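Reviewing the structure listed below.
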Amino acid sequence: MLGHLSFGVEDLERATAFYDAAMAPLGFVRLWASEKAAGYGLPGKGDKLALFARPGQVVAPGAGFHLAFDAPDRAAVDAFHAAALGHGGTDHGPPGLRPRYSPSYYAAFVADPDGHKLEALHQ
């Protein structure tokens with residue numbers, strides 16, 4: 001449904017360090033970068049997430065918004081969560097089953113260093 005999504009970030013170096021680490025367990029890589037932006041997606045494909053340096057202008061979306069990434073397995077969800085916390089993210093829900101969504105819904109929730117809410121999930 002979505003072609004891509006972009007976020008403004010305060011510090012592009014800090015953001016790319018976070019996303020390089022957090023996206024790797026999910027199979028996503030940095031596909032391109034410039035002094036003011038970077039794009040992430042599957043190797044050999046187009047970017048699905050772009051980050052743009054916007055110092056002093058960043059306001060993360062409020063309640064009700066988060067971006068969910070499909071994970072290939074539960075171990076990738078666990079690794080996403082650990083990498084995110086190890087690179088400046090904050091915990092918004094540790095890896096585990098979320099039976100209120102479905103019996104097989106395994107997910108973890110974090111916020112990136114700019115407050116953008118992210119989820120990795122495997123079903």
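Mean sequence separation of contacting Cα pairs (under 8 Å, at least six apart), scaled by the length of the chain, corresponds to a relative contact order of 26 percent. Once you order the gyration tensor axes a ≥ b ≥ c over the Cα atoms, which shape class does segment 80-123 get: rounded for a/c under 1.5, otherwise prolate or oblate by comparing a/b with b/c? Since a/c reaches 1.5 and a/b is larger than b/c, the shape of segment 80-123 is classed as prolate. Distances between placed amide hydrogens fall under 5 Å for Leu49 paired with Leu5, Tyr40, all partners being 5 or more residues away or on another chain.
Kindly identify segment 27-79 as rounded, prolate or oblate by the Cα gyration tensor criterion: order the square roots of the eigenvalues as a ≥ b ≥ c, call it rounded if a/c is under 1.5, otherwise compare a/b with b/c, prolate if a/b is larger, else oblate. Note, shape of segment 27-79 comes out oblate.
Phi angles of segment 25-32 translate, via the Karplus equation with coefficients 6.51, -1.76, 1.60 and θ = phi - 60°, into HN-Hα couplings of x, 8, x, 9, 10, 6, 8, 7 Hz per residue; Gly and Pro are given as x.
Remark on His92: its backbone amide H falls under 5 Å from those of Phe109, Val110, Ala111, a criterion applied only to residues 5 or more positions apart or on other chains, H modelled at 1.01 Å from N. Working note: Karplus 6.51/-1.76/1.60 with θ = phi - 60° gives segment 102-115 the couplings 5, x, 10, 7, 10, 8, 9, 10, 9, 10, 6, x, 9, x Hz, where Gly and Pro are set to x. Axis of helix 74-86 versus longest Cα principal axis of the chain: the two differ by about 40°, to the nearest ten degrees. Using a simple spin-label model with pseudo-atoms 7 Å out from Cα toward Cβ, Gln123 and Gln57 lie 3.6 nm apart. Amide H to amide H distances under 5 Å link Gly8 with Phe52, where only residues 5 or more positions off or on other chains count and H is placed in the peptide plane.
What is the list of residues in segment 60-81 whose amide nitrogen lies under 13 Å from a point 7 angstrom out from the Cα of Ser102, following Cα to Cβ? Once the point is set 7 Å along Cα→Cβ of Ser102, 70-71 turn out to lie under 13 Å by backbone N, inside segment 60-81. For Lys117, a cut-off of 18 angstrom between C-alpha atoms picks up these lysines, skipping any fewer than 8 places away in its own chain: Lys48. Across the alpha-carbon set of the chain, the Rg to Rh ratio works out to 0.95, Rh being the Kirkwood radius. Between Thr90 and Lys36, what is the FRET efficiency for a Förster distance of 25 Å, r being their Cβ-Cβ separation, to the nearest 0.05? In this case the efficiency is close to 0.50.
Here, each number is a calculation from the coordinates, and none is a lab measurement. Because the structure is predicted, anything quoted here is derived from the model rather than measured. Reconstructed Cβ throughout: ideal geometry from the backbone, glycine too, with neighbour counts over all protein chains shown.
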